[in-house]
Every structure is written in structure tokens, then in C-alpha cells.
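To start, the structure under review is shown below, and the notes come after it.
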Amino acid sequence: MSSVATTEPAIARGTRASIRGRMQDALPKIVLAPSFAITVIFVYGFILWTIYLSFTNSKTFPSYAITGARSYQRLWRWTFESDPPSSWYTSITNMGIFGVLYIGICLALGLLLAILLDQKIRGEGILRPIFLYPMALSFIVTGVAWKWFLDPGLGLEQTLHQLGWTSFHFDWIKNKDFVIYTVVIAGVWQASGFVMAMFLAGLRGIDGEIMKAAQIDGATTVQLYRRIIIPLLRPIFLSAFIVLAHMAIKSYDLVVALTSGGPGGSAWLPSNFMYEYTFKRNEMAVGSASAVIMLMTISAIIVPYLYSELKEKGR
């Protein structure tokens, strides 16, 4: 009888410990479940909803009758309307100009700044936050600040005229042929410091023995960076490219705050086209189709990157 009495409390304690262990294992899932459900509904659910709307004839309000790929056909036709250019043609042309210059200049300038700061220069602790500060600002603040700076009657041109340089003219923000380049300037100013931080972290992570061995073998500074250091930064280049491409494709608020779309919509990007047609021109189906194309573009960039990262981790 005594052995039975001793066994029962032990079983009870084991049962309680088992229940406590299961609760501890389930607690993270319980905590994450609401945010996971919200993400599924309000992100992926609305992505599916947008795809569905792109195959309807929705105008001001959603329409549930499937009409096929008419919206995509319209966008395909507008893609080649260059004389006069359609709004979609202008948007994708600007996307090409903005994307190439924005990503290329940010990568080059970020790498250059990182190399300079990696020389252990005096005042690095002050310079690093200064370069990173623009990334802490929203695109709205950046756009408004650069709008004031580039406005011919208010900013740089007016200031230089007051100082006596009356022949100086810089009216890109008012010129439909050059306004997209002002968006590039503002975007590069904001993002290059962030890219610099990524490259600087990569440079600080390179084994110093590799560089010493190369120097002993007679490698010049240019050869050292071109043949050893920069190739070792390949993962940083790829990560920075992914981040910058994602930011470029979804840029909307910077264009609106800086140029208000530019003269005659000359600064539109696909995101501006999507908003304009969905909410202002009562062409919800066309706007949804352009949003789906943007999603496919981003996916074409991110999915291969994620696949390669997961494949490397699997090894």
C-alpha cells in the first residue's frame, strides 16, 4: 500500500510537469497566432483580392464578374504608346531610369564611403551617424526638404542669384524631361548612407590576414580591392541590390512629396500610376493589374535570392 501511495503523487507531479512543458512549448505559438492571422488576412488575403480584381471590370467600386485579362491587355498596349506617351509608358520608362541610376549610384557611393571610413580616419564616430541620418527620415520628409532645396524660386538657384551668380539655372524640378532625375538625387541622398553601413560591416568582417598576405605578395591597393576585397563583398552587394530594388519599385511618397507627379505626370512611377488609376480615375481593374505587375517584378527579384539563401543554409 505504501508503494502505491508513493507512486500516485509521483505520477501527479509528472502529469503536471508534462502539462507545463506543453504549455511552454505552445506559448510562443499562442502569442504569435494573432499577428500571423492578421498578416495572412490583411497582406496575403488582399494580394489575392487584388489579383482577382485585376481580372474584372471594376471601376469606382469592385465588380465580381470575371471579364478576363482585359486590363493586362490595355497595359500591354499602352506599353508601346510612346508618341504621345501613355501614362503607363511614362511610368515604366521612369522606373527604368530611376531604378538603374538609384541602385547603381547608391551601390557605388555607398562602397566608396565605406572604403573611406574603413581607413580608420579621425572623426569616424561622427561621420557615420551623419551619413546614416537620412535613412531615419521618411520619404515624405526627404521629398519636402529636397523640393524646397531644388525649387528655382526658393532654394539653390534663388540663393546663388542673391549671392551674385545670376547666370546659374537649375530648374530640373519644373522640367518634364529632367524631373525624374531630381527623384534620383533625393533617393540617393537618403539611401546611400544605409548602403555604406552594409558595406562597412562587410569590410570589417574580412579577415585581416588575407589582406596582409596579399600585400606581402606585392599586391597594390587597387589590386587588393579589385581582386580580393570587392569579390568577398559579393553577398553584401546582393543584399543591398535586393533592398534598393524593392525600395525603388514601391517608391510612391517620395515622388508625390518632391514633384507632385511632375509636370503632366512626367515623374510618375508604376506605384503612382496604380494609385492614380485606382482611386482618382475610377479604373480599379487597371490599377489592380498594375499592382500585380509590380508584385511580380518584386517577386522575380526576391524569390531567387531567398531560394539561394535557403539552399546555402541547407548545405
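The values are calculated or read from the model by the stated rules, or taken from the named source; none is laboratory data. These numbers come from a predicted model, not from an experiment. With ideal geometry, Cβ positions are generated from the backbone for all residues, glycine too; neighbour counts draw on all protein chains shown. To get the accessible areas, we keep the full protein, side chains included, count just its heavy atoms, and leave off ligands, DNA and RNA. Shrake-Rupley method; radii C 1.70, N 1.55, O 1.52, S 1.80 Å.
Within the same chain, lysines fewer than 8 places from residue 29 are excluded, and of the rest, none has a Cα less than 22 Å from its Cα. Cut-off under 28 Å on the C-alpha distance; same-chain residues fewer than 8 positions from residue 174 excluded. Which lysines are left, in chain and number order? Output for residue 174: 147, 250, 280. Residue ranges 88-97, 75-84 sort as 88-97, 75-84 when ordered by packing (mean number of other C-beta atoms within 10 Å per residue, highest first).
Explain nothing, just the number: relative contact order of the chain, from Cα pairs under 8 Å at least 6 residues apart, as a whole percent. Can you show the working numbers first?
Details: 331 pairs, mean separation 86.2, N = 315.
That works out to 27 percent.
Quick one: length gained pulling residue 181 to residue 73 fully straight, 0.36 nm per residue minus the C-alpha distance? If you can, show how the numbers build up before the last one.
Numbers: separation 108, 0.36 × 108 = 38.88 nm, distance 3.00 nm.
Here the answer is 35.9 nm.
Taking the Cβ-Cβ separation of residue 219 and residue 128 as r and a Förster radius of 35 Å, what is the calculated FRET efficiency to the nearest 0.05? Once rounded, the FRET efficiency stands at 0.80. The protection proxy used here, the mean number of other Cβ atoms lying within 10 Å of each residue, ranks peptides 244-253, 261-270, 148-157 as follows, highest first: 261-270, 244-253, 148-157.
Put +1 on the Cβ of every Lys and Arg and -1 on every Asp and Glu Cβ in the chain; which of 306, 215, 62 then has its Cα farthest towards the positive end of the dipole? It is 306, whose Cα lies furthest towards the positive end. Taking a point 7 Å out from the Cα of residue 97 in the direction of its Cβ, the residues of the stretch 258-288 whose backbone N falls within less than 14 Å of it are 259, 261-270. Were the residues from residue 299 through residue 118 laid out at 0.36 nm apart, the gain over their Cα-Cα distance would be 61.7 nm. Close amide H contacts of residue 56 (hydrogens built in the peptide plane, cut-off under 5 Å, sequence separation of 5 or more or a different chain): 67. Need the list of aspartates and glutamates near residue 176 for cross-linking: C-alpha distance under 16 angstrom, and skip anything on the same chain fewer than eight residues off. Partners within reach: 83, 151.
Cα gyration tensor of the chain, axes a ≥ b ≥ c as square roots of the eigenvalues: rounded (a/c below 1.5), prolate (a/b > b/c) or oblate?
Numbers: a/c = 2.26, a/b = 1.24, b/c = 1.81.
Oblate.
Please get the size of the charge dipole for the stretch 86-282, origin at its Cα centre, with Cβ charges of +1 on Lys and Arg and -1 on Asp and Glu, quoted in debye to the nearest 20. Walk me through the intermediate numbers first.
On the way: 14 positive and 11 negative charges, 44 e Å.
The calculation lands at about 220 debye.
Computed with a 1.4 Å probe on the full set of protein chains, the accessible area for residue 128 sits at about 90 Å².
How large is the charge dipole for the stretch 216-315, taken about the Cα centre, if only the Cβ atoms of Lys, Arg (+1) and Asp, Glu (-1) carry charge, to the nearest 20 debye?
Details: 9 positive and 6 negative charges, 57 e Å.
The dipole magnitude comes to about 280 debye.
Dipole orientation for the stretch 86-282: of the candidates 229, 140, 105, 229 has the Cα lying most toward the positive pole (charges on Cβ; Lys, Arg +1; Asp, Glu -1). Membrane-span-like helices in the chain (whole DSSP H runs, Cα extent of at least 27 Å along the helix axis, mean Kyte-Doolittle hydropathy of at least -0.5): 2-39, 87-117, 179-204, 284-314.
When you count, for each residue, the other Cβ atoms within 10 Å and take the mean per peptide, how do 138-144, 34-40 rank with the highest first? All intermediate terms of the calculation are to be shown ahead of the outcome.
Working: 138-144: 16.9, 34-40: 10.3.
Those peptides, ordered most packed to least, come out 138-144, 34-40.
If you plug the beta carbon distance of residue 29 and residue 313 into 1/(1 + (r/R0)^6) with R0 = 22 Å, you get a FRET efficiency near 0.45.
For the chain, with all protein chains present and a 1.4 Å probe, just round the carbon and sulfur fraction of the accessible area to a whole percent. Using a 1.4 Å probe with all protein chains present, the chain comes out at 67 percent carbon and sulfur. Summary of the geometry: the stretch 292-315 and the stretch 127-160, compared by the centres of their Cα atoms, lie 34 Å apart.
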